[in-house]
Amino acid sequence: MGKLLDGKKMANEIQSEVAHRVEELRNNNKRVPHLGIILIGEEGASHTYVNGKIKACKAVGFEYTLLQFAATITESKLLKHIERLNQDDDIDGFIVQLPLPEHISVEQIITLIDSKKDVDGFTNHNFGSIISDQPLLLPATPFGVMELLKRYQVTTKGKHCVIVGASRIVGAPMSLMMVEQGQATVTICHKFTQDLAEHTRKADILIVAVGKPGLITADMVKSDAVIIDVGITRVPDTTKKIGFRLLGDVDFENIAPKSSFITPVPGGVGPLTIASLLLNTLKAYEQQHT
Ligand code: NAD
């Protein structure tokens, strides 16, 4: 059985470190970091993620402001709210919870966010900083994966890392971070990749961020590989009070025994994404106000 990469435990460690820093600020009569959160529509998963982020803010002593809008909000109205947050000196960083309703362009929204306040690390400026000597606010989920690997002392240097999924918020920045910070050799796969298994079987470190439960089966993974499952999908489950359970993209049950390290879902990468958001908010605060 591979060693479990316990995201919850590591996220708690990071939370304690951030809470300690907030305590120092309070003791020095400084104001504390303040996160803005824009939440649009009624989608259950988005509400759950935002609740998790608010809970984390409370736990470390950050201030937060939640701006909630109906799914019918126009793009121009949303852009105005973003401009307001960009200019509000009390807000150190903010996020726009994805996904957005179809009539709103994610690209437009991201483009308008002031990169100094972009604590999700989505803007081109922050994305590009992955390959600079001075990384700025790094994309939260890949940043979380790197923290998890680092804190468990998983060697990445010189390893072959295969990333499945090439999205702007996870797979693509993950590949750059694995090259730049991880010093790994990287293969990136996506929906047009032919013979996915041929690639995944070569992975020393396999990172999967697709959103298709069961996509990665045991025969697609070599023995002793490190498995990072970023995928989160809600599947109906009548045995659960909430009516669903969360599944990752890898067949955990059959892959765990042959892996060296593996993340569970839930409790793996998810908590680290929130922890990265806290670290980025603290960084945004320190860069702007101290
Ligand atoms: P996305 O839909 O934007 O991107 C999916 C990627 O998977 C694309 O690059 C696509 O080409 C690729 N893909 C689709 N089908 C494929 C296939 N059959 N084989 C190989 N590649 C395929 O999704 P996203 O926003 O990157 O999210 C991916 C998953 O990660 C989702 O389940 C999402 O919920 C989860 N996620 C988790 C966290 C976290 O904190 N753990 C954060 C963000 C996203």
Once the mean 1/r over all distinct Cα pairs of the chain is inverted, what Kirkwood radius in angstroms do you read off? 19.6 Å
So how far, in whole Å, is the C-alpha centre of the range 82-158 from the one of the range 217-272? 25 Å
Å² per residue, accessible surface of the chain at 1.4 Å: 48 Å²
Residue-wise, which Karplus ³J(HN,Hα) couplings in Hz belong to the range 19-30, taking 6.51 cos²θ - 1.76 cosθ + 1.60, θ = phi - 60°, and x for glycine or proline? 4, 4, 5, 5, 4, 4, 4, 4, 5, 9, 6, 9
Would you count, across the range 140-269, every pair of lysines whose alpha carbons are under 26 angstrom apart, provided the pair is eight or more residues apart or spans two chains? 24
With label points set 7 Å from each Cα along the Cα-to-Cβ direction at THR193 and GLN287, the distance between them in nm comes to 3.0 nm
Whole-percent carbon and sulfur contribution to the accessible surface of the range 188-290 (1.4 Å, no ligands, DNA or RNA) stands at 54 percent
Residue-by-residue Karplus 3J(HN,Hα) for the range 34-43, coefficients 6.51, -1.76, 1.60, Hz, glycine and proline x: 10, 9, x, 10, 9, 10, 10, x, 10, 4
The range 22-116, accessible surface, carbon-and-sulfur percent (1.4 angstrom probe): 48 percent
Cα-Cα pairs of the range 11-145 separated by more than 20 Å (percent): 50 percent
How far apart, in nanometres, would the label points at ARG234 and GLU75 be if each is projected 7 angstrom from Cα along the Cα-to-Cβ direction? 2.6 nm
From DSSP H assignment alone, runs of 4+ in the chain each adding -39500 (n - 2.57), the sum over residues rounded to the nearest 500 puts [θ] at 222 nm at -12000 deg cm²/dmol
What is the extension gain from SER46 to ARG151, computed as 0.36 nm multiplied by their sequence separation minus the C-alpha to C-alpha distance, in nm to one decimal? 35.0 nm
Measure off 7 Å from each Cα along the Cα-to-Cβ vector at THR65 and ASP133, then give the distance between these two points in nanometres to one decimal. 3.7 nm
Given a Förster radius of 41 Å and the C-beta distance between SER105 and SER223 as r, what FRET efficiency does 1/(1 + (r/R0)^6) yield to the nearest 0.05? 0.40
All other residues with a Cβ under 13 Å from the Cβ of LYS150 taken together, and with Lys, Arg as +1 and Asp, Glu as -1, what is their net charge? 0
Of every Cα-Cα pair in the range 140-269, the percent that sits beyond 27 Å: 13 percent
HN-Hα J in Hz across the range 223-234 - Karplus 6.51, -1.76, 1.60, θ = phi - 60°, x for Gly and Pro: 4, 6, 6, 8, 10, 10, 9, 8, x, 9, 10, 8
Tally Lys/Arg at +1 and Asp/Glu at -1 over every other residue whose Cβ is under 10 Å from the Cβ of VAL226; what's the total? 0
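The values are calculated or read from the model by the stated rules, or taken from the named source; none is laboratory data. Not measured: the values here are computed from a predicted model. Note that each Cβ is placed from the backbone with ideal geometry, even for glycine, and that neighbours are counted across all protein chains shown. Note: accessible area is taken over every heavy atom of the protein model, side chains too, but ligands, DNA and RNA are not part of it. Shrake-Rupley method; radii C 1.70, N 1.55, O 1.52, S 1.80 Å.
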